[in-house]
Amino acid sequence: MSPDIWGELFRFDNYAELLVLVRNSIIAGAVLGLTGGLIGVFVMARDMAFAVHAISELSFAGAAAGLLLGVGVVEGSLAGSLSAALLIGLLGSRARDRNSIIAVLMPFGLGFGILCLALYSGRAANKFGLLTGQIVAVDNPRLTALLVICSIVVVGLLLIWRPLMFTSIDAQVAEARGVPRVAVSIAFMVLLGLAVAVSVQIVGSLLVLSILVTPAAAALRVSASPLLVPLLSALFAIAATVGGIMLALGGSVPISPYVTTLSFLIYLGCRLVGGARNRGRRRHRAPTTDLAVR
Amino acid sequence: MPSRRPSVAELTEVRPAAAPAGAPPTTVLAMHGATLTFGERTLWADLDLRVRAGEFVAILGPNGSGKTSLLRAVLGTQPVTAGSIEILGQPVRRGHRLIGYVPQQHLADRGTPLRARDFVGLGLNGHRFGVPLPSRARRRTVDAMLATVDATHLATMRIGDLSGGEQQRLRIGQALIGDSRLLLCDEPLISLDLYQQRAVSTLIDASRRDGERAVLMITHDVNPVLDMVDTVVYLAGGQVRTGPVEEVLTTEVLSDLYQTRVDVIRTRGRIVVVGLPDGAHEGHESHPRGARG
């Protein structure tokens, strides 16, 4: 790699001063990591990674429309992702229906967003930022909005944690045991919509999966404990967002590649660790015997 | 296929496997004239059934005859068109704490962040809101259930990594935990090898032997549980027959149910049914045309 490119990617001159300037961004990244890491566990348990991508495209469309109409990017992206999440939740209770609805929504959202951006005559940086992230520009009102939304998501998740896990694993048994399946699923979709909308603000709609899916997938590689998986997932997501912001500080490249690369490297590491551990366990585990039942 | 009103099904009075000395066993489930129709189609009508604690009931019948709907009606997730269903003397309602349910097998995937012990524990308080907090009493209850279903050695394994038979035992543990009084199983032996079938059916049988619990089990093949079953509920063509195996699984009864000559042959301790109408063959889940009742 030539020194020029290296200098574009990483530069640590006056680092301490820069750090003060991006204090808001780092707080935003950490809170977002916590939120994304926690909800990611359920995205994996419910097998909804594809749905997250569709919601983020609609969130992008909403944000672009918000920019064009002057309503505001945050408001627009919230409206877009919430309506997408609810549509997917209401129409796609079965995986097959869900996939087709997602495939229908995704190109529409992307196309609509591009249309809005094409009509928008403002600053070009805003346009690009919606797709690939724009974390450096987190001012105080935006940080407040993000903190409020993320708290709603985290508190909401903690409240419905057990029944949500139950319906994710076996909806029929959960329903038989008295879990209000539809209400819990819709509540989850709303929380997911909120989480996607705030993630779009930071990493951009194209890369939301790196916060909402990759950390949880990585955590699942190394553990199956219902306590450890969410903790690790949140930790990985925070490491990726905060680490990505700190690495990107001096460079002149957008923030997202740093976040996504860190997230990917963590996943890779977890795969290696998990793989090695599984091989070890298989060697130790006695030949499978389904013992006679008492 | 036109649906016909069945002749009055007799109220079953069946001997429990192990009644506690003295008092007669409690009635866990009572159905009176229960009828389920979807539009023009009658799945079953005038179903009278009394199931007592300690009893093992097998639900048989061709595909589409309403076996799963019957379990769902008992669970309260499928309202009946007419008649009544009572659980322990109370009308059915959704989310009854004393009913354990094992729906048709579907395997957990690796993306499930649960170990075997967590999976069984969901049966205890998975319906409660909030985050699960560790508790010693809960841990003991789960440990005891893991031992009952012979899964102590699997406790910390990822649920998605376990075999079909192992997962099925854990699902039964999840349904039994919390002292359920009625266990509903939908084809629990399907896609298991003979050894696992034996292990799972023995487990289900054992769960009612103390006389506290009744079992309702859908099965396409009665033979693996032939020596355990007290009562058979046979659904076919909109009609129902209930009674002991030797009274229901006969050439006369099945011929009458299917409106065609059906031979029931007992050979080497097994029951073989010959001459079922096309599409009504037992044991062929993938048959393209299930006999619709």
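The values are calculated or read from the model by the stated rules, or taken from the named source; none is laboratory data. Since this is a predicted model, take the numbers as computed values, not measurements. Cβ: placed from backbone, ideal geometry, glycine included. Neighbour counts: every protein chain shown.
On the stretch given as the stretch A:46-95, residues that are within 14 Å of another protein chain (Cβ to nearest Cβ) and touching an Asp or Glu at 6+ places or on another chain (Cβ under 9 Å) total 2. Looking at B:Leu235, B:Leu203, B:Leu216, B:Leu184, which one is hydrophobic (A, V, I, L, M, F, W, C), over 19 Å from B:Ile87 (Cα atoms) and either within 14 Å of chain A (Cβ to nearest Cβ) or assigned to a helix (DSSP H, G or I) (or both)? From the options B:Leu235, B:Leu203, B:Leu216, B:Leu184, the qualifying one is B:Leu203.
Only one of the listed residues (A:Val222, A:Val273, A:Val208) is away from chain B (no Cβ under 14 Å), surrounded by fewer than 21 Cβ atoms within 10 Å (Cβ to Cβ) and modelled with pLDDT under 95. That residue is A:Val273. Which one is nearest to the other protein chains (Cβ to nearest Cβ), of the residues in the stretch A:160-179 that are touching a residue at least 40 places away in the same chain (Cβ under 8 Å) and closer than 19 Å to B:Leu133 by Cα? My answer is A:Met165. Checking the stretch B:127-141 against the condition returns a match, with at least one residue being more than 19 Å from B:Ala108 (Cα to Cα), more than 8 Å from chain A (Cβ to nearest Cβ) and of a type in the set (A, V, I, L, M, F, W, C).
Only one of the numbered conditions (1) at pLDDT below 85; (2) part of a helix (DSSP H, G or I); (3) over 19 Å from A:Ala195 (Cβ atoms) is violated by A:Arg98, and that is (3).
If you go through the stretch A:24-43 one residue at a time, do you hit one that is part of a loop (DSSP other than H, G, I, E, B) and under 24 Å from A:Tyr258 (Cα atoms)? Within the stretch A:24-43, none of the residues are part of a loop (DSSP other than H, G, I, E, B) and under 24 Å from A:Tyr258 (Cα atoms). Scanning the stretch B:168-180 for residues that are surrounded by fewer than 21 Cβ atoms within 10 Å (Cβ to Cβ) and either closer than 26 Å to A:Arg221 by Cβ or at the interface with chain A (Cβ under 8 Å from one of its Cβ atoms) (or both) turns up nothing.
Looking across the stretch A:225-270, not a single residue is of a type in the set (Ser, Thr, Tyr), surrounded by fewer than 18 Cβ atoms within 10 Å (Cβ to Cβ) and modelled with pLDDT of 95 or more.
In the stretch B:25-67, the residue that is surrounded by the most Cβ atoms within 10 Å (Cβ to Cβ) out of those that are at positive phi and part of a strand (DSSP E or B) is B:Asp46.
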